[in-house]
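Worksheet for the structure shown next.
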Amino acid sequence: MALRTIRTMGDEILTKRCKEVKEMTPRLKELVDDMFETMYDAEGVGLAAPQVGILKRIMIVDIGEDPVVLVNPQIVDTDGEQTGNEGCLSVPGKVGKVTRPNYVKIVGFDRDMNPVEIEATELKARALCHEVEHLDGHLYVEKVEGRLMNADEVEAEEEGEAEEA
Ligand code: NI
């Protein structure tokens, strides 16, 4: 396993649509392992392949429970609404308020290309939606309500620390 470089806003690769994974290869499995190592090293709760420069529909999320790998994910159901602070490893030091579904159901494939269905609420649902958008070349800053803030000023306001994905 190895750490990969996290691309940051302004890098064109983050604006591109990722391609479907047709077949899980040893190389892509290594990518998944590297993505976990990179995400944990950066203390994030999610990471998408384009954030490490690979335009494939692969994403991971770990909010501290059970780590999730999703290949070719598709959101099939959403419900409710949550508004809260959000951050992104590709937009370091920034936080913004974003409204997301409070519940999400996603289908896709795991690291071995077995079909999986994941249901999540609250922070996990937020992180999953955030990562799916990365696969379509979108960053959360596009949907921030109000202005993009510096992470340290948000902490000063005691609104709580935002998780980065
Ligand atoms: Ni992100």
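Any read-out appearing in this document is the output of simple, stated calculations on the displayed coordinates, not a laboratory observation. All of these numbers come straight from a predicted model, not from anything done at the bench. Please note: Cβ atoms are built from the backbone with ideal geometry, for glycine as well, and neighbour counts cover all protein chains shown.
Couple of notes before you dig in:
- Counting every other Cβ atom within 10 Å of each residue's Cβ, L139, L123, L55 order from fewest to most as L55, L139, L123.
- With loop membership from DSSP and a limit of 13 other Cβ atoms within 10 Å, the longest segment of the chain without GluC sites (Glu not before Pro) is 82-156.
- Entry note, the chain: relative contact order of 26 percent, from Cα contacts under 8 Å with a spacing of 6+ residues.
- Within the shell defined by Cβ-Cβ distances under 13 Å, the residues around V104 carry a net charge of -4, with Lys and Arg each +1 and Asp and Glu each -1.
- All C-alpha to C-alpha distances of region 12-164, sorted into 10 Å bins beginning at zero, yield P(r) values of 11, 43, 36, 9, 1 percent in whole numbers.
- In a simple Cβ point-charge model (Lys, Arg +1; Asp, Glu -1; nothing else charged), region 12-164 has a dipole of about 940 debye relative to its Cα centre.
- Region 33-85 shape via C-alpha gyration tensor axes, a/c threshold 1.5: oblate
- Anisotropy class of region 1-76 from Cα gyration tensor, a/c 1.5 cut: rounded
- Neighbours of E65, meaning other residues whose beta-carbon lies under 15 angstrom from its beta-carbon, give a summed charge of -3 when Lys and Arg score +1 and Asp and Glu score -1.
- Long-range lysine pairs (8 or more apart or interchain), the chain, Cα under 18 Å: 10
- Separation of the V76 and R17 label points, Cα + 7 Å toward Cβ, nm: 2.2 nm
- Rounded to the nearest 10 degrees, the angle from helix 26-41 to the longest Cα principal axis of the chain is 20 degrees.
- Degrees, to the nearest 10: 122-135 long Cα axis against longest axis of the chain: 60 degrees
- Helical content of the chain, expressed as a calculated mean residue ellipticity at 222 nm, amounts to -7000 deg cm²/dmol (DSSP H runs of 4 or more residues, -39,500 (n - 2.57) each, divided by residue number, nearest 500).
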